[in-house]
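The values are calculated or read from the model by the stated rules, or taken from the named source; none is laboratory data. Model, not experiment: these values are computed from the prediction. When we count neighbours, we look across all protein chains shown, and the Cβ atoms used for this are built from the backbone with ideal geometry, even at glycine. Only protein heavy atoms, including side chains, enter the accessible area calculation; ligands, DNA and RNA are left aside. Shrake-Rupley method; radii C 1.70, N 1.55, O 1.52, S 1.80 Å.
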Amino acid sequence: DAHFMPSAQLRTVLTEAWGKDWHRDFRRFETRPIAAASIGQVHRAELRDGRILAVKVQYPGVAESIDSDVSNVGALIRMSGLLPKGFALAPYLDEARRQLREEADYLAEADHLARFATLLAESPDFTLPALVPERTTARVLAMSFVAGQPIEDAAHQPQDVRDRIATRLIELL
């Protein structure tokens with residue numbers, strides 16, 4: 001439910017990632033995102049070959065601002081006086097930086113997606129999107145579009161369905 005980037009900015013980001021004629025490879029690219037969060041947004045698109053994609057686009061400057069943003073949060077926490085004297089905040093800030101850098105690394109996410117697809121290839125219970133490596137960059141992650149529904153919808157399902165979902169998720173974990 002986050003705000004999304006304007007169409008002109010989106011086109012700039014995609015041009016930087018894919019080159020100036022990127023739009024020629026698509027039958028359709030929906031500029032209004034189907035989802036938006038804190039570091040990026042997801043668009044539905046159709047390639048000329050008919051494949052429907054989910055394209056995750058990172059907001060400009062997110063990865064570059066992680067270190068300074070975490071440092072600023074650290075400074076605010078220190079100035080607030082909420083921490084006990086002598087509390088070692090630095091390791092927590094370092095971990096926050098590490099996790100945020102990982103979250104902003106779409107190439108690493110692409111590797112994880114491909115790995116999970118391999119691990120779950122034989123499972124009839126899980127469907128993962130297929131990575132589209134030729135459209136994936138450090139700031140754009142392209143994958144096949146897989147329709148789904150929120151896990152919260154399971155609360156309204158019969159008990160046997162809820163049990164099956166919970167069992168599969170526990171097995172996955």
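Amide H contacts of T136: A142, each under 5 Å away and 5 or more positions distant or on a separate chain (H built 1.01 Å from N in the peptide plane; Pro and chain starts excluded). For A37, the amide hydrogen comes within under 5 Å of the amide hydrogens of A2, counting only partners 5 or more places away or on other chains and with H modelled in the peptide plane. With protein chains left intact and a 1.4 Å probe, residues in the chain average 66 Å² of accessible area per residue. When the Cα atoms of segment 81-161 are aligned to their principal axes, the ranges along those axes come out at 53, 42, 20 Å in descending order.
One chain, two ends: L83 and A96. Fully extended at 0.36 nm per residue, the span grows by 3.0 nm beyond their Cα-Cα distance. Remark: segment 10-15, residue by residue, has Karplus-estimated 3J(HN,Hα) of 4, 4, 4, 4, 5, 5 Hz, where x stands for each Gly or Pro and the curve is 6.51 cos²θ - 1.76 cosθ + 1.60 at θ = phi - 60°. The base-10 log of I(q)/I(0) for segment 11-67, evaluated at q = 0.13 Å⁻¹, reads -0.35 [Debye formula, identical scatterers on Cα atoms, solvent excluded].
Under the Kirkwood approximation for Rh and a Cα-based Rg, what ratio Rg/Rh is obtained for segment 34-136?
Working: Rg = 18.7 Å, Rh = 16.7 Å.
With Rg and the Kirkwood Rh in hand, the quotient comes to 1.12.
Expressed as a whole percent, the accessible surface of segment 1-94 that belongs to carbon and sulfur atoms is 56, based on a 1.4 Å probe.
Phi angles of segment 127-140 translate, via the Karplus equation with coefficients 6.51, -1.76, 1.60 and θ = phi - 60°, into HN-Hα couplings of 10, 10, x, 8, 5, 10, x, 5, 10, 9, 9, 4, 10, 9 Hz per residue; Gly and Pro are given as x.
Taking label positions 7 Å along the Cα-Cβ direction at both A75 and H112, the computed distance is 3.0 nm, reported to one decimal. What percentages, rounded to whole numbers, describe P(r) for the chain computed over all alpha carbon pairs with 5 Å bin width beginning at zero? Once binned at 5 Å, the Cα pair distances of the chain give 1, 7, 13, 15, 15, 14, 12, 11, 7, 4, 1, 0, 0.
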